[in-house]
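The values are calculated or read from the model by the stated rules, or taken from the named source; none is laboratory data. Computed from a predicted model, the values in this text were never measured in an experiment. When we count neighbours, we look across all protein chains shown, and the Cβ atoms used for this are built from the backbone with ideal geometry, even at glycine.
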Amino acid sequence: MLRPRLRRPTATIASGLAALAAGGLVALAFAGCGVVTPGPVSTVGKVDFDRPLAIPPLAESTVDADGVRAFSLEARAGTTEFEPGVPSETWGFDGDYLGPTLVAERGERVRVDVSNSLDEPTTVHWHGMHLPAEMDGGPHQVVEPGAHWSPSWAIDQPAATLWYHPHPHGETETHVARGLAGLFLLHDERERALGLPSEYGVDDVPVIVQDTGFSAEGRLEGAQRGYAGGLGDELIVNGTRSPFLEVHDELVRLRLLNASTARSYAFTWSDGRPMRQIASDGGLLEASVDLDRLRLSPGERAEVLLRVEPGERVVLQSRMTPEIAGLVGPVAATNGGDDAFDVLEVRAAATLDLASPVPAVLNEIADFDETQIAADRRFELNDSFEINGRAMDMGRIDEQVTVDTLERWTVVNDTALPHSFHVHDVQFRLASIDGAPPPPELAGWKDTIFVEPGREYVLLMRFEDYADPDTPYMYHCHLLWHEDQGMMGQFAVVEPGPRATMPEETHHEH
Ligand code: C2O
Ligand code: CU
Ligand code: CU
């Protein structure tokens, strides 16, 4: 558990705005906002690491006569003892907090039988998955209390660490913060041939990071509202407070998911060894990249490799800086820009199983042919939680995309604070940031990016296979409170219509 108790004083929104003004920055528009957290907060050196890291169970599945792999997930309310003997009310899938890890293979057809035992509507969205809009689990695929929903689709994308979470319109932050989230891992032949650590929970370990707050007794209190959304002063990993992970292999693969609603992390190892990143949101990078800090905004994933010596201990930390957060002036401290956390202690056993060498080339990712761009779109995020001056409207389709074409989306953060940008259905490539090529850790497949204040990000993506004029997909800020406030829009993927007089597109393999 954590010692001593950390509790940040709270200030009014007015003093937060004063801080913004003092920083010479534009004040934000707020809708129904409570308090801000002055910060900064640090738990470094204050976490005891006295609880074994919980590993979400693997979801059971059956393969039916048609070869469809069928899972089931029940969203339900429960209680979780983050502190023994101190129950907190939480939500989970098939359990009290978080949900099981689904695993499927490229080429398989899957179905998930979702049921809702909550007393309010929810949805289950498959974040990062390429699938028909009707199966996407966005705000239009509502599952009413007591109802069932059985989306089914073919897995046709590279091995990756994806995840699932609710997406009910205006309520996403609450549903995720209460515990509704889980991993969806995809495998394929190419990944298997690399011989990477792959024993789930042993040398291939999920690390779902969330920030929250606890009372002195250890009851879940949740986060305090800041400009980014809810920022908690303590972390839990896979729902475990104060976690350690004992490993028996010299090489360990950690699958990091930032399942926090608002907080971004800058992951690092306590002894300064590099974070060796091998995969981003949508799959393996072409080669591993060694990072001093690995930045993950809400919704993003990264796979890293950790090599350990017998008996050693090393702590995964997050050490954010204003620079990494893209923040300047006093606004940094109030938005998590100076916060530091002890996240997870890794303890190596006295004897370790040897690992096979990691190949230098992990993946081949062909660049998109930019001469094939069929449409250019621009998305401006503003201080009123709008995109292109409009708040999300369930009844309005903002963009129409022609199926099987390449598009270029330019995302501009016109605010003084960081946001993120997530696109459903596709994995995209980052073509440039302010005109410069992306760093190697952002050069692979992505579905969510951290969007620094004042910067411009150019994304390339192909919308393949599934057209449905009636059911839109979403793009939005993945700071969930911002999303809930309206920083979201809808796009429909449609068959080429009468206006589509462009020459027929050639179909490119990723
Ligand atoms: Cu992870 Cu539209 O969300
Ligand atoms: Cu998504
Ligand atoms: Cu945002």
Scan region 203-235 for residues that are over 20 Å from the mean Cα position of the chain (by Cα) and within 16 Å of ligand 1 (Cβ to nearest atom) and report the count. 0
Working carefully through the options Gly272, Gly336, Gly329, find the one that is more than 16 Å from ligand 1 (Cβ to nearest atom) and under 24 Å from Trp163 (Cβ atoms). Gly336
Residue satisfying all of: in region 443-456; away from ligand 2 (no atom under 13 Å from the Cβ) and in contact with a Ser or Thr (Cβ under 7 Å, 6 or more places away or on another chain); farthest from Arg390 (Cα to Cα) among these: Gly444
Say whether the condition of being of a type in the set (Asp, Glu) and within 16 Å of ligand 2 (Cβ to nearest atom) is met by at least one residue in region 134-149. yes
Filter region 45-72 down to residues that are crowded, with 17+ Cβ neighbours inside 10 Å and part of a loop (DSSP other than H, G, I, E, B), then give me how many there are. 6
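Yes/no per residue for (1) more than 19 Å from Pro206 (Cβ to Cβ); (2) polar (S, T, N, Q); (3) away from ligand 1 (no atom under 15 Å from the Cβ):
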| site | (1), (2), (3) |
| --- | --- |
| Ser150 | yes, yes, yes |
| Ala154 | yes, no, yes |
| His175 | yes, no, no |
| Leu185 | no, no, yes |
Where a residue in region 120-133 is without any contact (Cβ under 8 Å) to a residue 40 or more places away in the chain and its partner, wherever it lies, is within 16 Å of ligand 3 (Cβ to nearest atom) and assigned to a loop (DSSP other than H, G, I, E, B), with Cβ under 9 Å and at least six apart: none
Among strands (runs of 3 or more DSSP E) completely within region 340-434, the ones holding 1 or more residues that are more than 16 Å from ligand 2 (Cβ to nearest atom) and surrounded by fewer than 19 Cβ atoms within 10 Å (Cβ to Cβ) are 340-353, 373-381, 399-402, 405-413, 429-433
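Does Leu185 meet the test of being surrounded by fewer than 23 Cβ atoms within 10 Å (Cβ to Cβ) and farther than 30 Å from Glu81 by Cβ?
no
Go through the residues of region 21-44 one by one and say whether even a single one is part of a loop (DSSP other than H, G, I, E, B), modelled with pLDDT of 95 or more and more than 30 Å from Gln317 (Cα to Cα). Before the answer, list the steps.
Filtering region 21-44 down to residues part of a loop (DSSP other than H, G, I, E, B) leaves 23-34, 37-41, 43-44.
Add one more test, that the residue is modelled with pLDDT of 95 or more, and what stays is 43-44.
Next, from what is left, pick out any that are more than 30 Å from Gln317 (Cα to Cα): none.
There is no residue in region 21-44 that is part of a loop (DSSP other than H, G, I, E, B), modelled with pLDDT of 95 or more and more than 30 Å from Gln317 (Cα to Cα).
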What is the one condition in (1) more than 16 Å from ligand 1 (Cβ to nearest atom); (2) of a type in the set (S, T, N, Q); (3) under 14 Å from Gly299 (Cβ atoms) that Ser432 does not satisfy? (3)
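For the structure I just gave you, tell me whether Val458 is out of contact with any His (no Cβ under 8 Å at 6 or more places or on another chain), in a strand (DSSP E or B) and within 14 Å of ligand 3 (Cβ to nearest atom).
Details: out of contact with any His (no Cβ under 8 Å at 6 or more places or on another chain): yes; in a strand (DSSP E or B): yes; within 14 Å of ligand 3 (Cβ to nearest atom): no.
No: the conditions fail for Val458.
Given the condition surrounded by fewer than 23 Cβ atoms within 10 Å (Cβ to Cβ), among the hydrophobic types (A, V, I, L, M, F, W, C) and at pLDDT 95 or above, answer yes or no: does some residue in region 484-492 qualify?
Quick first cut of region 484-492, residues surrounded by fewer than 23 Cβ atoms within 10 Å (Cβ to Cβ) only: 486, 489, 491-492.
Now restrict to residues that are among the hydrophobic types (A, V, I, L, M, F, W, C): 491-492.
Next cut, at pLDDT 95 or above only: 491-492.
Scanning region 484-492 turns up at least one residue that is surrounded by fewer than 23 Cβ atoms within 10 Å (Cβ to Cβ), among the hydrophobic types (A, V, I, L, M, F, W, C) and at pLDDT 95 or above.
Filter region 463-483 down to the residues that are closer than 26 Å to Leu256 by Cα and not in a loop (DSSP other than H, G, I, E, B), then identify the one that is farthest from ligand 2 (Cβ to nearest atom). It would help to see each step written out before you state the result.
First, pick out the residues of region 463-483 that are closer than 26 Å to Leu256 by Cα: 473-483.
Okay, now just the ones that are also not in a loop (DSSP other than H, G, I, E, B), so 473-476, 480-483.
Numbers: Tyr473: 9, Met474: 7, Tyr475: 9, His476: 8, Leu480: 11, Trp481: 16, His482: 14, Glu483: 10 Å.
Ranking the qualifying residues of region 463-483, first place goes to Trp481.
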Since Phe428 meets every condition but one in (1) at pLDDT below 95; (2) more than 16 Å from ligand 3 (Cβ to nearest atom), which condition does it not meet? (1)
(1) surrounded by fewer than 24 Cβ atoms within 10 Å (Cβ to Cβ); (2) part of a strand (DSSP E or B): which one isn't true of Leu235, the others all being true? (1)
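Against the definition (under 22 Å from Met392 (Cα atoms) and within 16 Å of ligand 2 (Cβ to nearest atom)), how does His169 come out, yes or no? Don't jump to the end; show me each part of the working.
Details: under 22 Å from Met392 (Cα atoms): yes; within 16 Å of ligand 2 (Cβ to nearest atom): yes.
Taking the combined requirement at face value, the residue satisfies it.
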Anything in region 72-111 that is of a type in the set (Val, Ile, Thr) and in contact with an Asp or Glu (Cβ under 7 Å, 6 or more places away or on another chain)? List them, or say none. Thr79, Thr80, Val86, Thr90
Within region 98-123, track down each residue that is part of a loop (DSSP other than H, G, I, E, B) and within 12 Å of Ile155 (Cβ to Cβ). Arg106, Gly107, Glu108
Provide a single number: the residues in region 442-456 that are within 16 Å of ligand 1 (Cβ to nearest atom) and either touching a helix residue (DSSP H, G or I) at 6+ places or on another chain (Cβ under 8 Å) or closer than 12 Å to Ser432 by Cβ (or both). 1
With respect to the numbered conditions (1) assigned to a loop (DSSP other than H, G, I, E, B); (2) within 16 Å of ligand 1 (Cβ to nearest atom), which one is the sole condition not fulfilled by Gly95? (2)
